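Peer 1: Quick one: structure below, then a few questions.
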Amino acid sequence: MEQNVKPIERKDSPAVSVMVLMELAALLWCCAQLMSCQPKSAEPTSVVEPSVCDTVAVEIETNYFPAIERYFVNEIGKQYAEAEYCVPFHKIVSVDERDAENILVWGDFWVFNYNRSGDTLKTVSGGNHAGLLHIRQTDTGFEVASFDQVADGSDNLKSAQQIFGDKYEAFHDFHSNEQKREQRRLEVLTEYVRKQNIPVSYVLDYGWPAIPLK
C-alpha cells in the first residue's frame, strides 16, 4: 500500500535569524575593539634637568687658613704696588680657638707681590704685618673680622709686646731671624708655583741674585 509522503518544507524560525544577527554584531564589535587596541606612538615626556644647586654641593671650609690667605691677598696685598701674583706667608705663633666667633691667631704675617719674567718671579712689592687676627666662623667657613696690627716706627716694639704679651719671645725668635723667614718664604712660594702650574724656576729680589725654587 503506497503512502504519499510529502517532503517537509524547512523554514528558518525567527529566533534562529535573530541569533545569527547577534553573533555577527558581536564579531564586528570585537574587530572594532581590536582596531582600537593598536599601540599608539609614545609621546615624548618632558625631562627636568637638575639645577646646579641639586648637583653641586657647597664646599665648606674646615679650617681658617684659607681665610687668612684671602685676607692678606685681598685686603693687605692690594695696598702695595700691583703685580701678577700675590703670595703671602706667615709663621703662626699661637692660637686660641675656644670661641668660634672670635678665634685668636697671633702670627708674623708677610705679603709679597711678583711679576713673571721668563722662568723667574721678580719681587715687585711687599712687607711685614705682624699682629693678632680675630677670625669668626660662618655657615660656610671662616672670615677675618679684624686685625690688631703691630705699629710701625718708634711704637713697633711697644705695640708688639702689648699684642703678643707672653708670646712675644716666640714671635721675636722668628721675626728677627732672616734666614728662617727666607726659608719659609721660599717653601711657600715653591708650593704656590707648583699648585698654580707657573713655569718658573727662580725668584729674584731687587738688588740680589736669583734664588732657585726647589
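The values are calculated or read from the model by the stated rules, or taken from the named source; none is laboratory data. Predicted model only: the values in this text are computed from it and were never measured. Note that each Cβ is placed from the backbone with ideal geometry, even for glycine, and that neighbours are counted across all protein chains shown.
Peer 1: How many of the residues in segment 69-124 are out of contact with any His (no Cβ under 8 Å at 6 or more places or on another chain), part of a strand (DSSP E or B) and among the small types (Gly, Ala, Ser)?
Peer 2: 2
Peer 1: Evaluate segment 178-195: report whether one residue or more is in contact with a helix residue (DSSP H, G or I) (Cβ under 9 Å, 6 or more places away or on another chain) and either closer than 19 Å to residue 84 by Cα or modelled with pLDDT under 95 (or both).
Peer 2: no
Peer 1: Exactly one of (1) more than 22 Å from residue 159 (Cα to Cα); (2) charged (D, E, K, R); (3) at pLDDT 95 or above is unmet by residue 59. Its number?
Peer 2: (3)
Peer 1: Can you say whether residue 107 is within 30 Å of residue 213 (Cα to Cα), small (Gly, Ala, Ser) and surrounded by 15 or more Cβ atoms within 10 Å (Cβ to Cβ), as far as the supplied structure shows?
Peer 2: In short, yes.
Peer 1: If you check residue 169 against the conditions, is it under 22 Å from residue 123 (Cα atoms), surrounded by fewer than 17 Cβ atoms within 10 Å (Cβ to Cβ) and among the acidic types (Asp, Glu)?
Peer 2: Answer is no for this residue.
Peer 1: Right, something else. Between 188, 193, which is in contact (Cβ under 8 Å) with a residue 60 or more places away in the chain and in contact with a Phe, Trp or Tyr (Cβ under 6 Å, 6 or more places away or on another chain)?
Peer 2: 188
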